[in-house]
Amino acid sequence: MARPLRVLEELLNDVRVGRFRPDETRSGRFRDVVLEGCPMGESFASTPFSLVGEWVEASEPCNKPREVEVTNQNRESAEIIEVDPDSPKREEEDNASSEAPDTSTSSDESAAVLSGARRPLRVPTVPDSLKLAQHTKLRTLHCVEKEHQLILLCGRKAVPERYGVVEEVTAGDVTEPGKTLPFIEKQRRLRAQQTRITGISHKHEQQASHALIDAAFNILETGAVVYLPPSKCASRDAEIQSEAKNKQKQLLTLEQGTIKATASDALVSVDIGTEMKLMYALQRRGLAFDLVNLVSWPVHMEWVNKLFRALMSEAVPGFNSITLQQLLRADQELFLTIAAEFDGEKRSIQQEGDKVSNPPPKKQKQPKPGAQRSPSQCTAIDKDPGRSENFPVYICDITNEEQFLNLRTYLEKERSAILHAHFAPSCGTASRARERPIPGFKTAPKPLRSDAHPDGLPNLTESEHQRVSEANRSYAAMSELIFALVELGVSISIENPRNSLLWKTSFLKHLLGKLPTYHVCTFHHCMHGGKRDKDTAWYSFNPRDPQRDLFASLALKCNKQHQHAPWKPYVDASGKRIFPTADEAAYPHLLCERVAYILRTEAKKAGFIFPTDLHQQLDHTNVSAKRQLFTTQPRGGRLRPLVSEFSGYVTVVTLPDRPEILEQTLRTLPKGARICHRVLQQRGWNRDDMAQKSRTVVVDERCGTDGQCEVVNIGIPREPSEFIQEALNKGHPRDIIANIRDAERDLLLNLVHQPCSVRFQKRAAFMKKWLKRSLELKESEQKLHDSLAPHLVPILMGKRLLLWKEILIDLAYSDVAVIDDVVKGFALTGWAPQTGVFHKHVRKPSLTTQELRKRAAGLNAAVTGSLENSTEGPHDQYAWDETMEEVQKGWLGVSDGSSECVIAKRFPLVQGSKVRLIDDFSICGTNSAYGMTEKLRVQSIDELTAYLAYILDSTEGAACPALVGRTFDLKHAYKQFGVDEWHSKFLNIAVRKPGGSYGLFKVYALPFGASGSVTSFLRVACSIAYIGTYGLDITWTSFFDDFTVLCTQEEADNVGWYVESLFKLLGVEYAATGDKAPPFQSAFKSLGLIIDVSTVNSGTFSIQHTSKRRDELLHSLRSILKAAAAAPKELERLHGRLVWFSSFIFGRLMNGFVRTLSEFSRVRTSRVLVQGSLAEALQGLEIGGAVPTCEGESSFVLDLASIHRWSV
């Protein structure tokens, strides 16, 4: 067999290097190929390949490059044809059928890689009377007479979808093949990377070659998924030492109908024959990917570590150990999988932008920049919130170092969701108007800058110098912020008057000099809806497409066909001098509309989603919509309508400064028609293109097809009958909003259709496996507990943390790091980690940890002072006794307050018949210093309702097994986990002693009242719920420390045993006896509600409140009415309980009463009299049914046969 295998290997190698081409005709099947430094028999795992669209191209593992990208016909990226200048000229096979197969059928045993036939060709030339058309798949060039569109010169008919017209053929100068980072930019990023990534040397074997960095950058820019094998991931040292002169290959690139010649460079090959060399190579690839923001270093290293864990693991009995070849094959398969799922719209590995110096191909579709967040969300940043009009402002003084750093961190956390940043720096000190005298006024503002001294005139007064210095600091901070944004791949723009001295300051010159390129658009405000002919300059830079001016369409100069408001200052009625320049500070509404459409178009190119109805919104965005499951939709635009508003659009093409046609068209359209978006066109318009998008196109006859015009799209509302029909087609909102993940859907289907024995076997195997593993880890667990911080030892006693982590790794949980945080303790200030468990949603802290430490002394004095001056309460003794008991358990420690700390206030809160201790970490600023990267989401009654509704849907027409449920409750949930060592010293709580004074205590366990505690515990609870769902096939929901389980009656005992066994296995304490450990029942209690599933077989289930909760709420309502007065806090508490009680299920009248109660709960007085509208609302809530007095009325039944109702 040796001889045949060697022959086969040689044959496959000839196919790889291009010596043998089985898909060619007989005359071209064998070719002479001279390879330099290409070892025979090199593994295909080290062979580079590119993946784009429907093509996969293998290239030679040698010094001579074969870089070929073939794009899908649906993509608008550049099409590349391979050209070898040294190959003999061959004749084009114009008689090839246009319906020929798109791909060849040759395959390699080691990887299923398709390879299309390739033909070398030189830059073609054609007579002036002809033009070229290229087949989008076969890449063949065909001659076509210029007056023909569909007939080739040979007489064959061309399918328009399969041919693209080549407008120009140029040999030109050979340019660089792909996108590369300039050397200076590489060095800057390398320095930043060395600071950011620690634990490696960043030298010698752990430094990526420049060619490798450029190859990674080219992937990012072109959007083509290209495999970079470890054998091509050389170090910088190897690159410098390499003396091989790679023979360059020329490529013909088809870009926007123009063929251009380009060159390609080869990557240096390196030895990866040992584990260490392979590890270094993969690390270098990870560094290159991270440097260009393609794949972050942690993500790439997670994959590398997974490969080497597999390599080091013991072989399965009867099988050989994993080899390096298999590791390389797995690495290659990962890229194949990514390429298979790559659709040209999203980045496959990491959705982040980056600063570039060379333009990407024109019409290139940009990858999606982040978690599916709508870019219509805007954040205004200003140090003065009073300058905004009904818009929330992120208050930040960028000249303040701490606030600036906090802003930088915020932008870093939001990087994947930021598309564009616009800057409008203050121009008060840089205005040219200061140089002009004002007619009618004796004095005018004194110039503070000049062309000779743009950073400030000499000999300014102290106040003038201070004002100029403040402006200069803001310019410097703005420049630094812009560099940071560009580094994150965010486009930027700066606006100021065209003649402003801002543009001449050293800060702006430095900024503009550092940008690879930038664009300047100038326009008059009067052409964009302004009152005056203000001449504005709009500088911009887009790292996603540096060569394109994003705002070029705004360049409109005044045509002198309208009246302008005067610029002359005037004196108002109060005698104050008013400068019209202040009126022009706010942008005209029309200008805002046009800018918004430009950014909307750019956002779509970058992959952002703009849903038009509720279906699309729930598919592409993260909204908490289940609360509106059975009620009216909320006010505002937070949720899209179930049925889209418009049935179609009318497009109006008009002159930018002549809106008569637009206004006339609007008058003829149905009521409700409105302008949706508008865009300025500098180079005319295309009727056919617009006809495809709109059912009607209205054109102003004064608009030419090649001149400047404005295209306005007007939405036409649906007819009532059409709306109702579309609503019926959409179905009930419950079916859309109660969207359940695929894994949970499978679990629910198995619950009602799968034999219980299958789940019994899976649970038994899971528990047996991990019980055995827990015994093996017993010694390691003890060593881990011995190494814990002293304050964590009693808190984490009995918890099998190593086992817990291994289970999460085995089940591929996204937040395995939660166990690492449990081991070292949780941080309650700073930024919460991004886990992947919750939806991405950044909420910045209002204080940094440093600011909190600076303010601690004053805040602490206020807290301790309030305790010393407070009067004794009825529950002070209980609070003190409970606190001392927590000290005994190791949850708190006695503090003398001598070290640096912040002090929270502990107080007792009466909740019905019990008293709960609350630690107020808001009053001391701790909660203000905690930032969120994700929006926390607990599984409340909504999820359980969605599960039951899905079960009813899936069993419609079939028998549903009897269901039961119960709730498992964790004991002292927060106190089972601790804070980290630094916070155990920094966080203190003050408790009032019975009789006076107070005591101070250090915080060891998670306190109830800190924002960080909520995040930390929810991470733990979600990991437990995940293990139960995916490891034990248990259908349950997790609401903080309450786990509500749903199962069939047949498996109730089995499920109960495994849930308790899971808690015991992990070492989590739970309520095993008493009221919080009820049996499984068909009517069970969860979150204060009674869920009755006894009637699911008939297609219904019910949810109702417990009589205890109903009576408590009714008592609170009547007590306030009887007292005829209440504190706003009482009204707020009543409002919250009412909303929770009725789960937002109110009619219009009840909604009005609840809204009135909410308004009075926010008044700033100590007491509110119950009279007038408030008394009417409370009486209406009591009588009207918000708090039903009989149990039957308090239930809500979900019935599949319910009637669809729609409001038109």
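Quick notes on this one:
- Tabulated pairs, segment 894-909, first without any contact (Cβ under 8 Å) to a residue 40 or more places away in the chain, second among the charged types (D, E, K, R) and outside any strand (DSSP E or B), C-beta under 9 angstrom, 6+ apart or interchain: Pro908/Asp876; Pro908/Glu882
- Residue match in segment 1025-1043 (condition: closer than 26 Å to Ile809 by Cα, at pLDDT 90 or above, touching a Pro at 6+ places or on another chain (Cβ under 8 Å) and not basic (Lys, Arg)): no
- Qualifying residue in segment 943-953 (condition: on the phi < 0 side of the Ramachandran plot, assigned to a loop (DSSP other than H, G, I, E, B) and surrounded by 12 or more Cβ atoms within 10 Å (Cβ to Cβ)): no
- Whichever residue in segment 190-203 is at pLDDT 85 or above and assigned to a helix (DSSP H, G or I) and, among such residues, is most open to solvent (accessible area, probe 1.4 Å): Gln194
- Exactly one residue out of Leu867, Leu803, Leu859, Leu852 is aliphatic (A, V, I, L, M), open to solvent by 20 Å² or more (accessible area, probe 1.4 Å) and outside any loop (DSSP other than H, G, I, E, B), and it is Leu859.
- When the test is whether a residue is surrounded by fewer than 21 Cβ atoms within 10 Å (Cβ to Cβ), of a type outside the set (Lys, Arg) and within 36 Å of the chain's Cα centre (by Cα), Leu508 does not pass it.
The rows are residues; the columns are (1) in contact with a Ser or Thr (Cβ under 7 Å, 6 or more places away or on another chain); (2) within 23 Å of Gly836 (Cβ to Cβ); (3) in contact (Cβ under 8 Å) with a residue 60 or more places away in the chain; (4) not in a strand (DSSP E or B).
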site: Asp969; (1), (2), (3), (4): no, no, yes, no
site: Asn988; (1), (2), (3), (4): yes, no, yes, no
site: Val991; (1), (2), (3), (4): yes, no, yes, no
site: Gly996; (1), (2), (3), (4): no, no, yes, yes
site: Phe1017; (1), (2), (3), (4): no, yes, no, yes
site: Cys1022; (1), (2), (3), (4): yes, yes, yes, yes
site: Tyr1026; (1), (2), (3), (4): no, yes, yes, yes
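- Every residue from segment 1051-1084 that is open to solvent by less than 20 Å² (accessible area, probe 1.4 Å) and of a type in the set (A, V, I, L, M): Ala1052, Val1055, Val1059, Leu1062, Leu1065, Leu1066, Val1068, Ala1071
- Scanning segment 806-822 for residues that are within 22 Å of Lys769 (Cα to Cα), assigned to a helix (DSSP H, G or I) and open to solvent by 20 Å² or more (accessible area, probe 1.4 Å) turns up Glu806, Ile809, Asp810.
- Of the residues Gly836, Gly830, Gly825, the single one that is closer than 23 Å to Ile989 by Cβ, surrounded by fewer than 19 Cβ atoms within 10 Å (Cβ to Cβ) and either modelled with pLDDT of 85 or more or among the small types (Gly, Ala, Ser) (or both) is Gly830.
- Residues in segment 284-314 that are in a helix (DSSP H, G or I) and surrounded by fewer than 22 Cβ atoms within 10 Å (Cβ to Cβ): 16 in all.
- Test for Thr409: is it in a helix (DSSP H, G or I), modelled with pLDDT of 80 or more and not aromatic (Phe, Trp, Tyr): yes
- Any hit, segment 952-966, residues being in contact with a strand residue (DSSP E or B) (Cβ under 6 Å, 6 or more places away or on another chain) and modelled with pLDDT under 85: no
- Cβ pairs under 6 Å, 6+ apart, first in segment 590-616 and of a type in the set (Gly, Ala, Ser) and in a helix (DSSP H, G or I), second modelled with pLDDT of 80 or more and crowded, with 16+ Cβ neighbours inside 10 Å: Ala603/Leu419
- Which numbered condition Ala340 misses (of (1) in a loop (DSSP other than H, G, I, E, B); (2) at negative phi; (3) at pLDDT below 80): (1)
- Residues located in segment 1044-1081, provided they are part of a loop (DSSP other than H, G, I, E, B) and either modelled with pLDDT of 90 or more or under 25 Å from Lys769 (Cβ atoms) (or both): Gly1067, Val1068, Glu1069, Ala1071, Ala1072, Pro1078, Pro1079, Phe1080
- Each residue in segment 770-788 was checked for being open to solvent by 20 Å² or more (accessible area, probe 1.4 Å) and hydrophobic (A, V, I, L, M, F, W, C), and 3 of them qualify.
The values are calculated or read from the model by the stated rules, or taken from the named source; none is laboratory data. Computed from a prediction, not measured in an experiment: that's the story for all the values here. Virtual Cβ from ideal backbone geometry, glycine too; neighbours counted across all protein chains shown. With ligands, DNA and RNA removed, areas are computed over all heavy atoms of the protein, side chains included. Shrake-Rupley method; radii C 1.70, N 1.55, O 1.52, S 1.80 Å.
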